[in-house]
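Down below is the structure, laid out as structure tokens.
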Amino acid sequence: MDCKEEIVDSRIPDPEAFEIGSKNAQILFKLNHTMPMTEEYGKVVKELFGDNIGEGTMLTAPLQGVCFERVKIGKNVYIGSNLLLMARGGITIEDGAWIAANVQLLSNNHDLYDRAVLQCKPVLIKEDAWLGAGVSVLPGVCIGKHAVVGAGSVVTKDIPDYAVAVGSPAKVVRMLDPEKFA
């Protein structure tokens with residue numbers, strides 16, 4: 001998975017990206033209309049993410065997004081319903097992370113002056129981080145190991161390991177004791 005900063009001009013045709021996007025849209029439709037927690041559901045999840053999703057991960061539909069080939073999800077991750085993955089810049093969710101319902105992970109954004117241009121930066125959710133319901137994580141942000149982001153927060157800057165952050169924009173309000181995670 002290529003996770004580097006990138007500028008994309010959507011006015012320039014990209015047949016390969018269009019083909020991948022069309023295929024992903026069809027798989028996503030199938031996922032969102034398949035009985036959850038069945039063998040068929042597991043096959044569709046695997047079809048969408050390939051080898052980029054770890055064992056023991058639980059993904060709750062519906063799911064929305066683009067560029068799923070640029071998403072890497074670790075082992076034993078919980079993902080609540082209505083996750084939005086805007087993944088042109090790459091999104092990595094490490095082992096044991098908890099993602100509540102209605103979270104948005106956004107690794108791309110439009111240029112303020114030229115809306116056809118996408119500015120892409122990777123998003124990283126580190127091991128055992130917890131994102132509360134309705135959290136939005138903006139391009140280029142890293143959520144630290146064991147960090148907690150409160151419901152409804154908008155994360156515009158990196159959150160350190162073991163931090164609790166809340167608000168819009170999210171601010172660190174306390175630190176957790178690393179020894180309690182041993």
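Since every read-out is calculated from the coordinates, none of them should be taken as a lab result. Everything numeric here is computed off the predicted structure, so don't read it as measured data. Cβ sites come from the backbone with ideal geometry, for glycine too, and all protein chains shown count toward neighbours.
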Checklist entry - Each label point is 7 Å from the Cα along the Cα-to-Cβ direction; what then is the distance between the points at Y78 and I7, in nm? => result 4.2 nm
Checklist entry - With a 10 Å Cβ neighbour count serving as the proxy for reagent exposure, in which order, fewest first, do F18, F49 appear? => result F18, F49
Checklist entry - Taking other Cβ within 10 Å of each residue's Cβ, how do K126, K30 sort, fewest first? => result K30, K126
Checklist outcome for this item: Residue separation between D14 and T156 times 0.36 nm, minus their alpha-carbon distance, gives in nm 48.2 nm
Checklist entry - Extent of the chain along each principal axis, from alpha carbon coordinates, in Å, largest to smallest? => result 49, 46, 24
Item to check | Test item: Cα-centred dipole of the chain, Lys/Arg +1 and Asp/Glu -1 on Cβ, debye | outcome: 440 debye
Checklist entry - Tell me, Y41, Y113 in order of fewest to most beta-carbon neighbours within 10 Å? => result Y113, Y41
Item to check | Among G89, N109, W130 the positive-end extreme of the charge dipole of region 80-164 (Cβ point charges) | outcome: N109
Next on the checklist: Taking θ = phi - 60°, what integer Hz values does the Karplus form 6.51 cos²θ - 1.76 cosθ + 1.60 yield along region 26-35, in sequence order, with x for Gly and Pro?
Outcome noted: 5, 5, 4, 4, 4, 4, 6, 10, 10, 4
Checklist entry - Comparing D158, D114, D95, which has the greatest mean-square fluctuation in the GNM of the chain with Cα pairs linked when under 10 Å apart? => result D114
Checklist outcome for this item: Note to self: C-alpha centroids of region 47-67 and region 1-40 sit apart, in Å, by 11 Å
Next on the checklist: For the chain, give me the percentage of DSSP beta bridges that are antiparallel, rounded to the nearest 5 percent.
Outcome noted: 30 percent
Checklist entry - Who wins for biggest fluctuation among I73, I99, I20 in a Gaussian network model of the chain, springs between alpha carbons below 10 Å? => result I20
Checklist outcome for this item: So for R0 = 35 Å, FRET eff. of V172-H33 from the Cβ-Cβ r, to 0.05, ends up at 0.30
Next on the checklist: Strictly greater than 13 Å: what percent of every Cα pair in region 1-47 meets that?
Outcome noted: 67 percent
Next on the checklist: 5 Å is the cut-off here: which amide hydrogens, built 1.01 Å from N in the peptide plane, fall below it relative to G65, excluding neighbours closer than 5 in sequence?
Outcome noted: L85
